[in-house]
1. Among the residues of the range 125-140, write down those that are assigned to a helix (DSSP H, G or I), touching a strand residue (DSSP E or B) at 6+ places or on another chain (Cβ under 9 Å) and of a type in the set (S, T, N, Q).
2. Restrict the check to the range 154-169 and report whether at least one residue is in contact with a helix residue (DSSP H, G or I) (Cβ under 9 Å, 6 or more places away or on another chain), without any contact (Cβ under 8 Å) to a residue 60 or more places away in the chain and either farther than 30 Å from SER196 by Cα or not in a helix (DSSP H, G or I) (or both).
3. Go through the residues of the range 109-119 one by one and say whether even a single one is part of a helix (DSSP H, G or I) and out of contact with any Ser or Thr (no Cβ under 6 Å at 6 or more places or on another chain).
4. In the range 170-185, which residues are closer than 21 Å to LEU157 by Cβ and touching a helix residue (DSSP H, G or I) at 6+ places or on another chain (Cβ under 9 Å)?
5. Of the residues ASP137, ASP98, ASP170, which is among the acidic types (Asp, Glu) and closer than 24 Å to ARG77 by Cβ?
6. Go through (1) aromatic (Phe, Trp, Tyr); (2) crowded, with 18+ Cβ neighbours inside 10 Å; (3) free of Cβ contacts under 8 Å to residues at least 60 places away in the same chain for TYR180 and report which single condition fails.
7. Tally up the residues in the range 171-190 that are over 21 Å from LEU127 (Cβ atoms) and either touching a His at 6+ places or on another chain (Cβ under 6 Å) or part of a helix (DSSP H, G or I) (or both), please.
8. Taking the conditions exactly as written (at pLDDT below 90 and either hydroxyl-bearing (Ser, Thr, Tyr) or exposed (fewer than 15 other Cβ atoms within 10 Å of the Cβ) (or both)), does SER90 satisfy them or not?
Amino acid sequence: MDRLALALLGACALIGAGLSSEPAPAPIANPVVAAPEAALPGTAETAATVSETSEDAQVVARILKRFAMRHTALPERERERLAYVIVETSRSQDLDPDLVMAVIEVESAGYHLAESEVGALGLMQLLPPTGKEQAEDLGIEWKGPDTLFDPIVNVRLGTAYLRELADKYDGDVNTALAAYNWGPGRIDRRLARGGSVPKRYVDQVRRAATRYAATPPSRS
């Protein structure tokens with residue numbers, strides 16, 4: 001084979017090698033990483049408002065334990081979110097979270113779809129007219145009585161109502177609890193006649209409030 005042929009063969013080999021080799025892809029400046037499962041709406045915001053203290057951590061743990069012992073229909077992540085909401089809402093209304101949880105236990109046993117014979121609904125067993133009034137005061141959208149089956153909304157409305165009753169009775173939470181159970185009109189008429197505050201429901205809630213607490217609640 002003459003020199004010209006050899007030169008041509010060599011050139012073809014070089015060209016073929018250049019065509020078959022591909023440059024390495026350039027690195028991506030901002031690679032897209034699959035996002036983790038989104039958190040439940042409001043969970044992070046609510047948790048952020050609960051102070052990072054050992055006391056609050058213990059209260060949340062107690063509430064979760066109490067929900068776990070009940071036949072609630074809520075999944076675990078919803079119960080966790082609800083526990084934070086109970087603590088955050090109770091603190092904002094200057095109420096003891098264990099007391100609010102006790103009302104939930106006594107009223108509905110932690111079942112968020114509970115409905116009484118008189119039409120009280122949800123975790124804290126609110127009547128629709130009361131729930132609607134509280135929703136309007138708090139700026140919460142009211143979509144009819146079924147709104148009270150939303151456990152987060154129900155707790156916010158029920159806790160606000162309990163605070164309203166406590167204010168009505170000059171900060172006396174025991175009288176507020178009795179009015180929560182009996183209705184403020186009946187309590188007012190009973191007191192006007194010189195009667196005492198009924199104790200059965202109040203004692204039931206108070207016992208539930210301290211049942212799992214390491215120490216009795218510091219707030220009345």
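The values are calculated or read from the model by the stated rules, or taken from the named source; none is laboratory data. Just so we're clear, the structure is a prediction, and the values are computed from it rather than from any experiment. Cβ: placed from backbone, ideal geometry, glycine included. Neighbour counts: every protein chain shown.
1. The answer is GLN134, and nothing else.
2. For the range 154-169, residues in contact with a helix residue (DSSP H, G or I) (Cβ under 9 Å, 6 or more places away or on another chain), without any contact (Cβ under 8 Å) to a residue 60 or more places away in the chain and either farther than 30 Å from SER196 by Cα or not in a helix (DSSP H, G or I) (or both): present.
3. no
4. VAL173, THR175, ALA176, LEU177, ALA178, ALA179, TYR180, ASN181, TRP182, PRO184, GLY185
5. ASP98
6. The single condition TYR180 does not satisfy is (3).
7. Within the range 171-190, residues that are over 21 Å from LEU127 (Cβ atoms) and either touching a His at 6+ places or on another chain (Cβ under 6 Å) or part of a helix (DSSP H, G or I) (or both) number 1.
8. Judged against the criteria, SER90 is not a match.
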